[in-house]
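See structure below.
Each value in this text was obtained by applying a stated rule to the coordinates, not by laboratory testing. Just so it is clear, the model here is predicted, and its values are computed rather than measured. Every residue, glycine among them, receives a Cβ derived from its backbone with ideal geometry; neighbour counts consider all protein chains shown.
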Amino acid sequence: MTETTMTPMLEGPVLVVGAGLLGASIGLGLRAAGLEVYLQDISPTVEAVAEDIGAGTRLDTLEPDERESFAPQLVVVASPPDIAGKLCIQALREYAPSPGYAGATVTDIASVKVQPLEQVLASDADASRYVGSHPMAGREKTGPVAARGELFQARPWIICEHDDARIECVRLVRALAVELGSFVTTLSAEEHDETVALISHLPQAMSSLLATRLQETPLYALGLAGQGLRDTVRIAASDPALWVQIFAANAAPIVKSLYGVREDLNRLIETLEDPSASGARLDLAQLMSEGNAGVARIPGKHGGVPTAFATLTVLVDDEPGTLARMLADIGDLGVNLEDLRLEHSTGAPVGMAEVSVNPAKHDYLVDGLTERGWKVVK
């Protein structure tokens, strides 16, 4: 990394290339912080919607002389992975240094990092002003209408430094993440792609594969589905076009993870083919225990040590204000709610709220809610 004495602040203007969910959310967050934001997108409709919701000003609305002198401090490429590298190269060339202008720092926020970095390094563009990054945030919905300025708050934002990057450019991208409320993690591009293959891309693949099995499932069976199935297939509703690009761009690390899953699946299949065989039940128990051990390694609340909470289920009528009243009663009882899951009952206008609390507060909360007329299942 090239060292300099500069420690820049994010002052703007910022150009966001790609005004979809993430790009528009960045624009909204930066505009809320008082920064000047401009938008550029291949779709005039997407640009217009993003501008209408307040994410920034369309770059093509500038007068010719204003466009000629436009000199962004930072360019954020918020495009699909397959064109992120190309757009970064274009931005590095278009907003190159000139008298009185240091040139734009360029970052992309694609969910793969090796591919765009290799493309930038292989080009004739100034790679020292390029710093790849990736905010670990999103929604199942797409487009600027789904954008939220607070989307990145308290979420990880990975910055992928490389040897040629200027330190002031790295710091500027870090300032972007911090301004939007994220906490910064630094990884190499290779470390990033290996990591997201396991924690993001593999879950998407497994969710989609499971959801595929539901296509021929009878409706009466699907009507009996509980929260476990719904939780597992939730992300299968994600945009196929985007995930085709992600899988293709990060294929090798994903395949490596899939090989491991295949080994475990083969082991499970072989065991279940003869569940009465000697050692079969022990092998099943070991498989489940290995899963327990994996879950236990996921950091707990606020990134701390995982904590086992006590749960209780409260029956909640499916009527306006009922859930809010239950939450208010929990607050009045002075109990901190650690987690909440809501499942709707099949064939009845009632929901089941699974409430997680500190184990020491479990019995107290059960008694308190029961006294207030709630039906509690311990």
Out of all DSSP beta bridges in the chain, what portion is antiparallel? Express it as a percent rounded to 5. 50 percent
What ranking do 287-296, 367-376 get when scored by the average of other Cβ atoms within 10 Å per residue, highest first? 367-376, 287-296
Of 356-366, 91-101, ordering from highest average Cβ density within 10 Å down gives 356-366, 91-101
What residue among Ala147, Gly132, Thr186 has its Cα farthest toward the positive end of the dipole of segment 14-187, where the charges are +1 on Lys, Arg and -1 on Asp, Glu, each on the Cβ? Thr186
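Given axes a ≥ b ≥ c from the Cα gyration tensor, I'd like to know whether segment 136-181 is rounded (a/c under 1.5), prolate (a/b larger than b/c) or oblate. All intermediate terms of the calculation are to be shown ahead of the outcome.
Details: a/c = 2.77, a/b = 2.25, b/c = 1.23.
Because a/c hits 1.5 or more and a/b exceeds b/c, segment 136-181 counts as prolate.
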Calculate for the chain the 222 nm mean residue ellipticity that helices alone would give, adding -39,500 (n - 2.57) per DSSP H run of length 4 or more and normalising by residue count, nearest 500 deg cm²/dmol. -13000 deg cm²/dmol
Nearby lysines by direct alpha-carbon distance to Lys375 (threshold 22 angstrom, same-chain neighbours under 8 apart not counted): Lys361
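Taking a threshold of 25 Å on the Cα-Cα distance, which of the pairs Lys86/Lys256; Lys113/Lys141; Lys113/Lys256 fall above it?
On the way: Lys86/Lys256 27 Å; Lys113/Lys141 23 Å; Lys113/Lys256 17 Å.
Beyond 25 Å: Lys86/Lys256.
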For labels at Leu219 and Ala154 in the simple 7 Å Cα→Cβ model, what's the distance in nm? 4.0 nm
I need the shape label for segment 41-198. Rule: rounded when a/c is under 1.5, else prolate if a/b > b/c, else oblate, with a, b, c from the alpha carbon gyration tensor. oblate
Mind checking which of Leu229, Leu209, Leu268 has the largest fluctuation in a GNM of the chain, springs on alpha carbons under 10 Å? Leu268
Where in segment 239-273 does the label zone of Leu282 land, with the point 7 angstrom along Cα→C-beta and an amide N cut-off under 20 Å? 264, 267-273
Rounded if a/c is under 1.5, else prolate if a/b beats b/c, else oblate: with a ≥ b ≥ c from the C-alpha gyration tensor eigenvalues square-rooted, which is segment 194-298? oblate
Contour excess over end-to-end distance, with Cα ends at Ser69 and Asp264 and 0.36 nm allotted per residue: 64.3 nm
The long-range amide H neighbours of Gly103, using H built 1.01 Å from N in the peptide plane and a cut-off of under 5 Å, are Ser98
If I model a spin label as a point 7 Å beyond the Cα along the Cα-Cβ vector, how far apart are those points for His344 and Ala96 in nm? 5.8 nm
